[in-house]
Every structure is written in structure tokens, then in C-alpha cells.
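Please treat every number below as a calculation from the coordinates, not as lab data. On a predicted model such as this, the values are computed, not experimentally measured, just so you know. Here the Cβ positions follow ideal geometry from the backbone for every residue, glycine too, while neighbour counts run over all protein chains shown.
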Amino acid sequence: MQNGHNMQPILEARNLTKHFTAGNALSKQVVRAVENASLQLYPGRVTALVGESGSGKSTIARMLVRMYEPTSGELIYHGRNCLLEKGRRELLSYRSQVQMIFQDPFSSLNPVRRVRDVLERPLHIHGKARRGKVREQIYELLHRVSLTPVEEFADKYPHQLSGGQRQRVAIARALAVEPKVILADEPVSMLDVSIRMGILNLMAKLRDDEGIAFLYVTHDIASARYFADETLVMYAGRIVEGSTSEELIQDPKHPYTQLLLSSVPDPAKGLRTGAARADKGEVPDLAAVGNGCPFAPRCPHVMDICRQAMPPVTPLNDDRWVRCYLYEPVPEAVAARN
Ligand SMILES: Nc1ncnc2c1ncn2[C@@H]1O[C@H](COP(=O)(O)OP(=O)(O)OP(=O)(O)O)[C@@H](O)[C@H]1O
Ligand code: SF4
Ligand SMILES: [Mg+2]
């Protein structure tokens with residue numbers, strides 16, 4: 001995607017693809033979880049990745065944090081293809097710059113460790129601990145995520161905390177290594193609706209005050225509008241539309257994005273009620289998706305060409321693009337076949 005804000009991306013995915021093999025020795029199936037995903041993350045900006053369950057959002061995030069090795073594609077961090085740097089030290093250094101926050105704050109914290117131990121560990125592993133200053137470093141981290149009084153929170157165990165407080169500890173743990181990029185995979189979807197906004201506001205503050213680049217993975221397109229500068233829409237392993245969040249919500253171009261938004265009468269309300277979730281309707285069988293547009297079986301505008309090849313990226317303006325033949329002149333060779 002192009003961008004109208006003339007910044008260099010800090011992290012960029014180019015045509016990232018991930019295929020999993022499913023089934024047994026007798027019948028193997030290739031699950032094309034992510035196909036040719038390209039995206040850019042910028043310092044001080046949030047990019048949302050929105051899509052229904054199974055569309056490949058977490059697989060993209062896991063490739064970006066290098067938990068999953070991509071089947072193909074490039075991952076460019078600060079201008080370097082970091083997938084070529086596979087050593088243990090190089091991976092550790094990458095992880096101190098690109099951190100992930102998970103959906104479930106209940107399982108992501110070790111129940112037998114106090115908060116101070118949870119935060120101290122990454123300081124040592126990543127060489128960030130300052131001699132004689134570790135306690136202060138822990139208190140400062142707790143301050144940054146508004147868990148005060150800090151001395152009190154440092155001594156608590158996870159079971160003594162609410163879901164929102166645990167997610168704040170998980171964010172503090174990510175911050176301990178001084179990351180430039182945070183990948184937040186559904187960070188609020190397991191929390192009470194009433195405390196979601198506080199966690200999103202905390203992340204927005206880290207974006208604004210500290211210039212951290214965020215990828216915000218979510219089902220909830222309304223919260224993407226609230227929190228994210230740009231939004232990418234994902235369907236069946238493909239990113240099908242990218243835009244500034246405001247334009248996307250005001251004027252969705254891809255038929256899938258239009259379907260998503262048609263079930264959201266008031267996006268602001270959706271954030272409070274959770275009504276704007278991208279999980280309506282059937283989920284496509286990824287193993288059965290052919291070479292064409294994956295949305296063809298559900299699309300009210302489907303044409304013959306849609307079933308033959310994935311539509312290319314059509315830029316609509318400096319900040320917007322879409323992958324759909326409705327916005328693409330039909331190539332002559334294909335038109336001749338129809
Ligand atoms: N480790 C794995 N092995 C095999 N298949 C996998 C693996 N991880 C994910 N998949 C498959 O890849 C596809 C995409 O999964 P992914 O978890 O990325 O989707 P998602 O968009 O994050 O969904 P959700 O909203 O439910 O979290 C799914 O069909 C899933 O079953
Ligand atoms: S490419 Fe065709 S099937 Fe796919 S969304 Fe566009 S019109 Fe619908
Ligand atoms: Mg997921």
C-alpha cells in the first residue's frame with residue numbers, strides 16, 4: 001500500500017505466505033492460511049487488521065514476530081530482510097524490537113510468579129536490567145501502564161488481578177524490552193466491554209507519546225475506527241482492502257467490507273456493544289479456496305473472471321487500495337476467454 005504521510009515503514013511484510021499441512025499420511029491437505037500478504041507498520045501509527053475467525057490474522061502476526069517461519073515472502077525491519085538472519089542472537093535482538101501481546105491475559109501470565117518477577121525476567125533476558133536499578137525499572141513500567149500504587153501491584157500474583165489489570169501487566173512486560181513495534185492480537189476481546197476502552201487508550205498513549213508502531217488485530221471494525229490510523233481487511237487468507245480507517249468506514253469499496261459494515265448501523269455503538277464483529281456468515285474452507293477471489297462464493301457482484309484469478313491490487317488514491325475486479329479493467333487476455 002502506498003501512503004500519503006511520507007514516512008518510512010519500520011516493519012514491512014512483502015508477499016508473506018503461510019501454508020500449513022493438515023490431515024494424515026493418507027490424505028494431506030494444504031491449508032493456505034495466508035497468501036501474499038503485504039503491509040507496512042509506521043512509527044507512531046496503528047494499523048488494524050480486521051477479519052472474521054480463521055481469516056489468517058494471527059498467522060500474519062505470528063509471522064511478523066517470527067514465531068512462524070513464512071512459506072515465502074519477505075519481512076523487512078528497518079530496511080533489512082530479517083528472515084535471512086536466523087541465528088539465536090539475531091532472533092533475540094529482533095524480539096526485543098518487535099513484541100506481541102496476546103488475546104488471553106489469563107493464560108499469558110505464569111500463575112506462580114509475582115508481577116515483579118514477570119517484569120524482571122525480560123529485563124535480564126534482553127540485557128536491559130540496570131545494576132541496582134531493577135526495582136525502579138519495574139516501578140516505572142507499572143507507572144507507564146497506570147498500575148498504581150506501583151509497590152502494591154508489583155507484589156501481586158496474577159490471580160489477584162482483574163482481566164484488564166493482567167492485560168496491563170502483559171503490556172508492561174512487552175514494554176520492558178523497549179520495543180519499536182507491538183503486535184496486539186485481539187488484546188481486548190476477552191475483557192469486559194466496560195474496560196476495553198481503557199486498554200485501547202493506554203495503547204494509543206504509547207503510540208502518541210513513545211512513537212511505537214502497532215498492529216491491532218481485531219474482529220471489531222468499530223474499535224479499529226476508534227483506535228487505528230489505517231485499517232486492512234482480511235478475508236480467507238488475503239488482505240482485500242487497505243485504507244485510512246475513517247475512509248474505510250465512511251466509504252467501503254470491497255464487497256466484503258461493505259457486507260461487514262452493513263451489519264453495523266452505528267460504529268461508535270458497536271465498540272460498546274461488541275455488535276460490529278467480523279464473524280457474520282459462513283467461514284470459507286481455506287483448503288478449498290481456489291485461485292480466484294476467495295469472496296466469490298458470497299459476493300453479490302461476482303463475475304466469471306472472479307473465479308479465475310485473484311484480483312490484483314488497484315490503488316484508489318495515495319492512502320487506499322482494493323483487490324476486486326469491480327475496480328479493475330478486465331485484462332484483454334481474460335476478457336477474450338470469457
Ligand atoms: N499451527 C497451525 N497448524 C495448522 N493450521 C493452522 C495453524 N495455525 C492456524 N492454522 C489455520 O490457519 C487458518 C488461519 O488461522 P488464524 O488463527 O490465523 O486465523 P484468525 O484470523 O486469527 O482467527 P481468529 O479470529 O479465530 O483468531 C485457520 O484455518 C487455521 O485453522
Ligand atoms: S473480485 Fe469479484 S467476487 Fe471478488 S469481491 Fe470483487 S466482484 Fe466480488
Ligand atoms: Mg487469531
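Considering only Arg131, Arg196, Arg166, give the residue with the highest GNM mean-square fluctuation for the chain, with springs between Cα atoms whenever their separation is below 10 Å.
Arg131
Rank the residues Val98, Val134, Val233 as a footprinting-exposure proxy: fewest other Cβ atoms within 10 Å of their Cβ go first.
Val134, Val98, Val233
Provide Lys156, Lys133 in ascending order of the number of other Cβ atoms located within 10 Å of each residue's Cβ, fewest first.
Listed from fewest to most nearby Cβ atoms, that is Lys133, Lys156.
So between Arg114 and Arg307, what do we pick up on full extension, going 0.36 nm a residue minus the alpha carbon distance?
Values: separation 193, 0.36 × 193 = 69.48 nm, distance 5.46 nm.
Gain on extension, Arg114 to Arg307, equals 64.0 nm.
If eta is 0.890 mPa s and T is 25 °C, what Stokes-Einstein diffusion coefficient results for the range 34-169, Kirkwood Rh from Cα pairs, in µm²/s?
On the way: Rh = 17.2 Å.
The diffusion coefficient I find is 142 µm²/s.
Taking a ≥ b ≥ c as the square roots of the eigenvalues of the Cα gyration tensor of the range 81-129, is the shape rounded (a/c under 1.5), prolate (a/b larger than b/c) or oblate?
Oblate, since a/c reaches 1.5 and b/c is not below a/b.
If you add up the charges near Leu206, with Lys and Arg at +1 and Asp and Glu at -1, over every other residue whose beta carbon is less than 13 angstrom from its beta carbon, what do you get?
Working: positive: Arg45, Arg144, Arg168, Lys180, Lys205, Arg207; negative: Glu178, Asp208, Asp209, Glu210.
Value of the local net charge: +2.
Please work out how much length the chain gains when fully extended from Arg121 to Lys156, using 0.36 nm per residue of separation minus the C-alpha to C-alpha distance, in nm with one decimal. Show your work: numbers first, answer last.
Details: separation 35, 0.36 × 35 = 12.60 nm, distance 1.58 nm.
Contour length minus the Cα-Cα distance gives 11.0 nm.
Tell me what the chain gives for mean residue ellipticity at 222 nm when only DSSP H runs of n ≥ 4 count, each as -39,500 (n - 2.57), the sum divided by the residue total, rounded to 500 deg cm²/dmol.
Values: 12 runs with 108 residues, N = 338.
Per the formula, -9000 deg cm²/dmol.
Stick to Cα atoms and the Kirkwood definition of Rh, then tell me Rg/Rh for the chain.
On the way: Rg = 20.9 Å, Rh = 21.1 Å.
Radius of gyration over Kirkwood radius for the chain works out to 0.99.
How many angstrom separate the Cα center of the range 90-137 from the Cα center of the range 177-225?
18 Å
Quick check on the range 146-186: what are the equivalent-ellipsoid semi-axes from the Cα gyration tensor, as sqrt(5λ), descending, whole Å? The partial results should precede the final answer.
Details: eigenvalues 81, 33, 11 Å².
For the range 146-186, the ellipsoid semi-axes come out as 20, 13, 7 Å.
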